[in-house]
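Participant: One structure, pasted below without further comment.
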Amino acid sequence: MTRVDFYILEGSSTTVRPRFACRLVEKAFEHGHQVYINTESAAQLSQLDDLLWSFRDGSFLPHAIYDQAASDKPPILLGHATEPQECNDVLVNLSQEVPPFFSRFNRMAELVDGDAAQRTAARERFRFYKDRGYTLKTHTIQT
């Protein structure tokens, strides 16, 4: 059964969640995990695609947009409104909605910043997972 981790981030600027997503994905990659990042919009997908190259000096995270990836896919994939067929290890959700395919993944990370609307949507997702018996953990992160 999927383990769901909620990361409660301090701050509500538009860069808090994408930057933390990069840090989290880098850690997962270093531990040999395959990651799929589910974005909220096409604009956020583009932002993350750029940010994964430049969020930290000297970092290199091999990634591709899922729909544009070659048959030999890198370990980090990004998508918006797309269900990845080959990936089932770690899912990072940046969407306000529960991805319909989340239960295929071993682990899922829900990233929540200080924005009131974000927090409200996150509470609804938390209840959704809890009501269905998923293992939940909450982490408060200073950004």
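The values are calculated or read from the model by the stated rules, or taken from the named source; none is laboratory data. All figures in this text were calculated on a predicted structure; none of them were measured in a lab. All Cβ positions, glycine included, derive from the backbone under ideal geometry; neighbour counts span all protein chains shown.
Participant: Pro84 is checked against (1) at pLDDT below 95; (2) out of contact with any Phe, Trp or Tyr (no Cβ under 7 Å at 6 or more places or on another chain); (3) farther than 14 Å from Gln44 by Cα and fails just one. What number does that condition carry?
Facilitator: In the conditions (1) at pLDDT below 95; (2) out of contact with any Phe, Trp or Tyr (no Cβ under 7 Å at 6 or more places or on another chain); (3) farther than 14 Å from Gln44 by Cα, Pro84 misses (2) alone.
Participant: Here's a follow-up. Could you tell me whether Gln44 is in contact with an Asp or Glu (Cβ under 6 Å, 6 or more places away or on another chain) and over 20 Å from His139 (Cβ atoms)?
Facilitator: Here the answer is no, as Gln44 does not meet what is asked.
Participant: Could you list all residues from segment 33-59 that are part of a loop (DSSP other than H, G, I, E, B) and either closer than 12 Å to Pro75 by Cβ or at pLDDT below 90 (or both)?
Facilitator: Within segment 33-59, His33, Gln34, Phe55, Arg56, Asp57, Gly58, Ser59 qualify.
Participant: Does Val4 satisfy being on the phi < 0 side of the Ramachandran plot, at pLDDT 95 or above, surrounded by 15 or more Cβ atoms within 10 Å (Cβ to Cβ) and not in a strand (DSSP E or B)?
Facilitator: No.
Participant: List every residue pair whose Cβ atoms lie under 6 Å apart, where the two residues are 6 or more positions apart in sequence or sit on different chains, the first residue falls within segment 1-15 and is within 20 Å of Thr143 (Cα to Cα), and the second residue, located anywhere, is hydroxyl-bearing (Ser, Thr, Tyr) and exposed (fewer than 15 other Cβ atoms within 10 Å of the Cβ).
Facilitator: Phe6/Thr138; Ile8/Thr140
Participant: Is it the case that Ala42 is of a type in the set (Gly, Ala, Ser), buried (at least 19 other Cβ atoms within 10 Å of the Cβ) and in contact (Cβ under 8 Å) with a residue 12 or more places away in the chain?
Facilitator: Considered against the rule, which asks whether it is of a type in the set (Gly, Ala, Ser), buried (at least 19 other Cβ atoms within 10 Å of the Cβ) and in contact (Cβ under 8 Å) with a residue 12 or more places away in the chain, Ala42 comes out as no.
Participant: When you scan segment 60-82, how many residues do you find that are under 20 Å from Phe29 (Cα atoms) and in a loop (DSSP other than H, G, I, E, B)?
Facilitator: 10
Participant: Also, I was wondering about something else. Can you give me the number of residues within segment 83-105 that are assigned to a loop (DSSP other than H, G, I, E, B) and of a type in the set (Phe, Trp, Tyr)? It would help to see each step written out before you state the result.
Facilitator: At the first step, the residues of segment 83-105 found to be assigned to a loop (DSSP other than H, G, I, E, B) are 83-89, 94-101, 105.
With the extra rule that they be of a type in the set (Phe, Trp, Tyr), the set shrinks to 101, 105.
Summing the residues that are assigned to a loop (DSSP other than H, G, I, E, B) and of a type in the set (Phe, Trp, Tyr) in segment 83-105 gives 2.
So that you can scan it fast, the table gives a plain yes or no per residue for (1) of a type outside the set (Phe, Trp, Tyr); (2) farther than 25 Å from Thr135 by Cβ; (3) in contact with a helix residue (DSSP H, G or I) (Cβ under 6 Å, 6 or more places away or on another chain):
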{"residue": "Arg17", "(1), (2), (3)": "yes, no, no"}
{"residue": "Gly32", "(1), (2), (3)": "yes, no, no"}
{"residue": "Glu40", "(1), (2), (3)": "yes, no, no"}
{"residue": "Leu48", "(1), (2), (3)": "yes, yes, yes"}
{"residue": "Phe60", "(1), (2), (3)": "no, yes, no"}
{"residue": "Tyr66", "(1), (2), (3)": "no, yes, no"}
{"residue": "Lys73", "(1), (2), (3)": "yes, yes, no"}
{"residue": "His80", "(1), (2), (3)": "yes, yes, yes"}
{"residue": "Pro84", "(1), (2), (3)": "yes, no, yes"}
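Participant: I need a count of the residues in segment 114-141 that are within 17 Å of Pro100 (Cα to Cα) and not aromatic (Phe, Trp, Tyr).
Facilitator: The total comes to 9.
Participant: Among the residues that make up segment 109-117, is at least one of them under 20 Å from Ser46 (Cβ atoms) and in contact (Cβ under 8 Å) with a residue 60 or more places away in the chain?
Facilitator: For segment 109-117, residues under 20 Å from Ser46 (Cβ atoms) and in contact (Cβ under 8 Å) with a residue 60 or more places away in the chain: present.
Participant: Return the residues of segment 106-143 that are assigned to a helix (DSSP H, G or I), surrounded by fewer than 17 Cβ atoms within 10 Å (Cβ to Cβ) and hydrophobic (A, V, I, L, M, F, W, C); say none if nothing qualifies.
Facilitator: Hits for segment 106-143 are Ala116, Ala117, Phe128.
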